[in-house]
Amino acid sequence: MDVLVINCGSSSLKYQLINSETESVLAAGACERIGISGGFLKHKASERDEVIIDVSMPDHEAAIKLVLKTLTDKENGVIASLKSIHAVGHRVVHGGEKFTSSVLITKEVIEEIESCNDLAPLHNPANLIGIKACAKALPGRPMVAVFDTAFHQTMPPEAYLYGLPHRYYVDYKIRRYGFHGTSHSYVSKKLCEAAGLSLDDSKLIVCHLGNGSSISAVLNGNSIDTSMGLTPLAGLIMGTRSGDIDPAIIEYIARKEGKTLEEVLSVLNKESGVLGMSELSSDFRDLEEAAENGNELAEQAVDAFCYQVVKYIGAYTAAMGGVDAIAFTAGLGENGCRVRQKIIQRLHYLGIELDDLANQFRGIPMRISTESSAVAVFVIPTNEELAIMRETVAIVGDHIEKPRTESF
Ligand code: ADP
């Protein structure tokens, strides 16, 4: 069956059409600048060149219609009719405590996702718009919600509770949720296969390092701790996000610069991280180049990032009472050889030895620790779309005619 995977942001909509039997991507693309001027669709059909179509899209419904038209049209299409799309899998950022796994989307599920909007005001409303637009454009087609938070719902209270009055957890559900769960789940399974470990008897650390970064401790296949928190702002220093800071800094900056709470949070989300530290770029390629040319701030930013990764690996090794294997994934984890080297050379105390030659490769599955290393370290490319497709098929199953997402 062909499954349409949708990842909807506030002004963008990314998609992939994947065949579930062959797991091949028939087409992939993105609608950008939805609801604002200068909209365009980037579309890449398998074995054909990418096309860019300039077209304004007033809303997500228009964007979905355009995607479906492009997937079926004579020029760029890959399927004869929309009947070929058997199911839709949606990435949903925040499932709160309600969703511990992926679910078939029903009216009740939509309402429950809506009730999590407060927890992810930037993401969940956009995800819901995508769900509703697809329900209109593909009436009766089963749709599945796959949550970024679900994999981390196995964390114990000692890992997810903050040092705050208990009533905040009871009244507002303030706790650590963690994100990138689809990636952490997918990569941890792949890591076990690659390292020859059994998932239910393994201590893994997954380093998802991209523009947004998070690390998780996966014990016997279950996430027991992760670096992001109530929101994706927490944890590691990221491309533009601060990661963990002393919370009192927020009020201090607000007072010093006469900023509102929203303005300070915008600084923490968009102007901080390695971008803010280096005053140069959020992209590690730029920072490494600048550092090589003697830019001290760029070097400091990269070093601070690597130091934090080293600290998390130490903390999660302690949390699990050891570690069998470590994975590096996402844009930086898969491609950033120098960052990986800087991190791994500080893990000698765990008996980890880097294979320098293997570490030069980018973007492919690879063992980057030596055969004699006490802990296996791998680069494992993540594939969130493939994982969403698999989840969708697992829920919709062979009974494609039975479960149906109603129209909303
Ligand atoms: P997102 O969190 O937006 O999905 P990605 O996982 O795509 O981010 O990662 C993007 C980041 O990966 C870039 O900002 C850059 O820092 C890093 N990156 C990509 N390629 C390389 C490379 N060859 N060397 C170093 N860093 C890289």
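The values are calculated or read from the model by the stated rules, or taken from the named source; none is laboratory data. A quick note: this is a predicted structure, and the numbers were derived from the prediction, not measured. Cβ sites come from the backbone with ideal geometry, for glycine too, and all protein chains shown count toward neighbours. These accessible areas exclude ligands, DNA and RNA; they are computed on the full protein's heavy atoms, side chains included. Shrake-Rupley method; radii C 1.70, N 1.55, O 1.52, S 1.80 Å.
Values computed for the structure shown
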read-out	value
For the chain: accessible area per residue (Å², 1.4 Å)	46 Å²
With every protein chain in place, the chain: carbon and sulfur % of accessible area (1.4 Å)	51 percent
Modelled label reach - SER10, point 7 Å along Cα→Cβ, segment 236-269 residues with backbone N closer than 20 Å	238-243, 259-269
Over the chain: helical MRE at 222 nm, DSSP H runs n ≥ 4 each giving -39500 (n - 2.57), nearest 500	-11000 deg cm²/dmol
Distance (nanometres) between label positions extended 7 Å along Cα→Cβ at LYS136 and GLN360	5.5 nm
Net length gained if the chain between ALA315 and TYR168 were fully extended (0.36 nm per residue, minus Cα distance)	50.3 nm
Selection from ASN295, LEU233, GLY258 lying farthest towards where the dipole of segment 231-350 points positive, charges on Cβ	LEU233
Principal-axis tilt of helix 261-270 within the chain, Cα atoms, nearest 10 degrees	90 degrees
Distance in nm between pseudo-label sites at LEU82 and ASP244 (7 Å out along the Cβ direction from Cα)	4.8 nm
Full-extension gain in nm, SER56 to LYS189, via 0.36 nm per residue minus C-alpha separation	43.8 nm
In order through segment 92-106: 3J(HN,Hα) via Karplus (6.51 cos²θ - 1.76 cosθ + 1.60), integer Hz, x for Gly, Pro	10, 5, 10, x, x, 8, 6, 10, 9, 7, 5, 9, 5, 7, 10
For segment 187-339, size of Cβ-based charge dipole, Lys and Arg +1, Asp and Glu -1, in debye	360 debye
C-alpha long axis of helix 248-257 to longest principal axis of the chain, angle in °	80 degrees
Fraction of the pair-distance distribution of the chain above 30 Å, Cα-Cα pairs, percent	45 percent
3J(HN,Hα) from dihedral phi, segment 35-40, Karplus parametrisation 6.51/-1.76/1.60, rounded to Hz, x for glycine, proline	x, 10, 5, x, x, 7
Förster radius 22 Å - calculated FRET efficiency between LEU104 and LEU386, Cβ distance, rounded to 0.05	0.65
Dipole magnitude of the chain, debye to nearest 20 (Cβ charges: Lys/Arg +1, Asp/Glu -1, about Cα centre)	700 debye
Contact order relative to length of segment 166-251, as percent, for alpha carbon pairs under 8 angstrom and 6 or more apart	25 percent
LYS259, LYS189, LYS270, reordered so the largest accessible area comes first (probe 1.4 Å)	LYS270, LYS189, LYS259
Degrees separating the helix 60-72 axis from the principal Cα axis of the chain, which is the longest one	70 degrees
Listed residues ASN335, SER282, TYR307: farthest to the positive end of the dipole of segment 270-338 (Cβ charges)	TYR307
Residues in segment 230-246 reached by a label modelled at GLU257 [backbone nitrogen below 14 Å; 7 Å Cα→Cβ]	241-242
Cα-based radius of gyration of segment 177-230 once divided by 2.2 N^0.38 Å, which approximates compact folds	1.06
Value of relative contact order over the chain, rounded to a whole percent, pairs C-alpha under 8 Å and six or more apart	16 percent
Sequence-separation-based contact order of segment 108-224, relative, with Cα cut under 8 Å and 6+ spacing, percent	21 percent
Options GLY95, VAL267, THR154, ranked by Cα towards positive dipole end of the chain, top entry (Cβ charges)	GLY95
Residues whose placed amide H lies under 5 Å from that of GLY89, excluding near-sequence neighbours	LEU4, VAL5, ILE6, VAL144
GLY235 long-range amide H proximity, modeled H, under 5 Å	ASP244
